[in-house]
1. Can you tell me which of I158, I118 is among the β-branched types (V, I, T), closer than 29 Å to Q56 by Cβ, assigned to a helix (DSSP H, G or I) and modelled with pLDDT of 90 or more?
2. Which one is surrounded by the most Cβ atoms within 10 Å (Cβ to Cβ) among residues in region 72-93 that are in contact (Cβ under 8 Å) with a residue 12 or more places away in the chain and more than 20 Å from L155 (Cα to Cα)?
3. Pull out all pairs, ordered by first then second residue, where Cβ-Cβ is under 6 Å, the residues are six or more apart or on different chains, the first lies in region 97-112 and is in a helix (DSSP H, G or I), and the second is hydroxyl-bearing (S, T, Y) and surrounded by 11 or more Cβ atoms within 10 Å (Cβ to Cβ).
4. Among the residues of region 58-96, count how many are over 30 Å from I33 (Cα atoms) and either among the β-branched types (V, I, T) or assigned to a helix (DSSP H, G or I) (or both).
5. If you scan region 12-32, which residues turn out to be among the aliphatic types (A, V, I, L, M) and touching a helix residue (DSSP H, G or I) at 6+ places or on another chain (Cβ under 8 Å)?
6. Out of R88, R92, I need the residue that is within 30 Å of G170 (Cβ to Cβ), at pLDDT below 90 and not hydrophobic (A, V, I, L, M, F, W, C). Which one?
7. Of the residues A131, A123, A159, A151, which is out of contact with any strand residue (DSSP E or B) (no Cβ under 6 Å at 6 or more places or on another chain), surrounded by 14 or more Cβ atoms within 10 Å (Cβ to Cβ) and free of Cβ contacts under 8 Å to residues at least 24 places away in the same chain?
8. Taking I167 as meeting all but one of (1) within 26 Å of L99 (Cα to Cα); (2) under 23 Å from the mean Cα position of the chain (by Cα), write down the number of the exception.
Amino acid sequence: MGKGKKLGWSMLRWIDHLNEAFAYIVIIFILVIVASVTYDVIGRYFFNAPTFWSTQLSEWLLCGTVFLAAGYALSIDAHVRVDVIYSRFSIRNQAIIELATSFIFFAFTGALLWGGGIMAWEAIKQGETSANLTVPWPMILVLWTIPVGTALLVLQGIARFIRNILIIRGEGS
């Protein structure tokens, strides 16, 4: 294998590892959600002292979980599709189908990246805070996950696109 091919494969593996690293961040988010909700339930039902921050924290971390885990989900082929038909095709034909429909993926993620980036930038510029009067947290704490998570998804989509080309050419699997 030539130096260029090795560099290409190592770049694809780097994208996979980057998304895997963010999957570990998502695991931490989920653990914090579980702890927060448990704390709120115990406070509410045993001490009649509900929290006002737990629900918002859980919602924000769930948003972060969805966006930051999307690239990893793509890397392990966990996104939803009509597998009943798709799974009957050969690996090469699956790659052809993915390449033919990839424009939809890149159009959607491009729009999401653009819109999410604008929302995050506006939140920073305006110092936007949440509507929670008890804890008016800066909105950038959640909004950053949209452009970052979408960028990770786009990177993984590019890696998948390249791998599909290599499969069609008979150079990958």
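The values are calculated or read from the model by the stated rules, or taken from the named source; none is laboratory data. Owing to the predicted nature of the structure, the values given are computational and were not obtained by experimental measurement. Cβ atoms come from the backbone with ideal geometry, glycine included; neighbour counts cover every protein chain shown.
1. On the way: I158 fails: closer than 29 Å to Q56 by Cβ.
Of the residues listed, the single one that is among the β-branched types (V, I, T), closer than 29 Å to Q56 by Cβ, assigned to a helix (DSSP H, G or I) and modelled with pLDDT of 90 or more is I118.
2. Applying the filter and picking the extreme gives R92.
3. Once the first residue is in a helix (DSSP H, G or I) and sits in region 97-112, its partners that are hydroxyl-bearing (S, T, Y) and surrounded by 11 or more Cβ atoms within 10 Å (Cβ to Cβ) give T109/T150; L112/T150.
4. Adding up the residues that qualify gives 11.
5. Those that are among the aliphatic types (A, V, I, L, M) and touching a helix residue (DSSP H, G or I) at 6+ places or on another chain (Cβ under 8 Å): L12, I15, L18, A23, I25, V26, I30, V32.
6. From the options R88, R92, the qualifying one is R88.
7. Among A131, A123, A159, A151, only A123 is out of contact with any strand residue (DSSP E or B) (no Cβ under 6 Å at 6 or more places or on another chain), surrounded by 14 or more Cβ atoms within 10 Å (Cβ to Cβ) and free of Cβ contacts under 8 Å to residues at least 24 places away in the same chain.
8. In the conditions (1) within 26 Å of L99 (Cα to Cα); (2) under 23 Å from the mean Cα position of the chain (by Cα), I167 misses (2) alone.
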